[in-house]
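Visitor: Dropping the structure in here first, questions after.
The values are calculated or read from the model by the stated rules, or taken from the named source; none is laboratory data. Source: prediction; values computed, not measured. Cβ placement follows ideal geometry from the backbone for every residue including glycine, while neighbour counts extend to all protein chains displayed.
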Amino acid sequence: MSPRFNEYIERLPGYMSQLQQMQTRSRQEPGSELPTAGIYVFYKDGVPQYVGRTGRLKARLREHGSKSSSHYSASFAWLWSITG
């Protein structure tokens, strides 16, 4: 493996620890202090269903909750509305 790839791999445990320590928020009430960018996870009954990464977190969460979302703009909302 390349040295650069190994550096990324070595950082993963620290990133996982940071993620596990983050405050859980609901999609309906995300709070006013969301970061601009981030990784988000949707859970159903405590089981992760969807993980996303974005540079525009607030807008992306709104897109996921929009009833007019298509699978091109917010796949989780689209899949949930079909299978839910």
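Visitor: Starting from residues that are without any contact (Cβ under 8 Å) to a residue 24 or more places away in the chain and out of contact with any Gly (no Cβ under 8 Å at 6 or more places or on another chain), keep the ones in region 24-40 and report whichever is surrounded by the most Cβ atoms within 10 Å (Cβ to Cβ).
Guide: Applying the filter and picking the extreme gives 38.
Visitor: Inside region 44-61, can you point out the residues that are surrounded by 12 or more Cβ atoms within 10 Å (Cβ to Cβ), out of contact with any Lys or Arg (no Cβ under 7 Å at 6 or more places or on another chain) and either modelled with pLDDT under 80 or over 18 Å from residue 18 (Cα atoms) (or both)?
Guide: Those that are surrounded by 12 or more Cβ atoms within 10 Å (Cβ to Cβ), out of contact with any Lys or Arg (no Cβ under 7 Å at 6 or more places or on another chain) and either modelled with pLDDT under 80 or over 18 Å from residue 18 (Cα atoms) (or both): 49, 50, 56, 58, 60.
Visitor: To continue, here is another question. I'm trying to understand the selection: among the residues of region 6-29, which are at pLDDT 90 or above and under 15 Å from the mean Cα position of the chain (by Cα)?
Guide: Those that are at pLDDT 90 or above and under 15 Å from the mean Cα position of the chain (by Cα): none in region 6-29.
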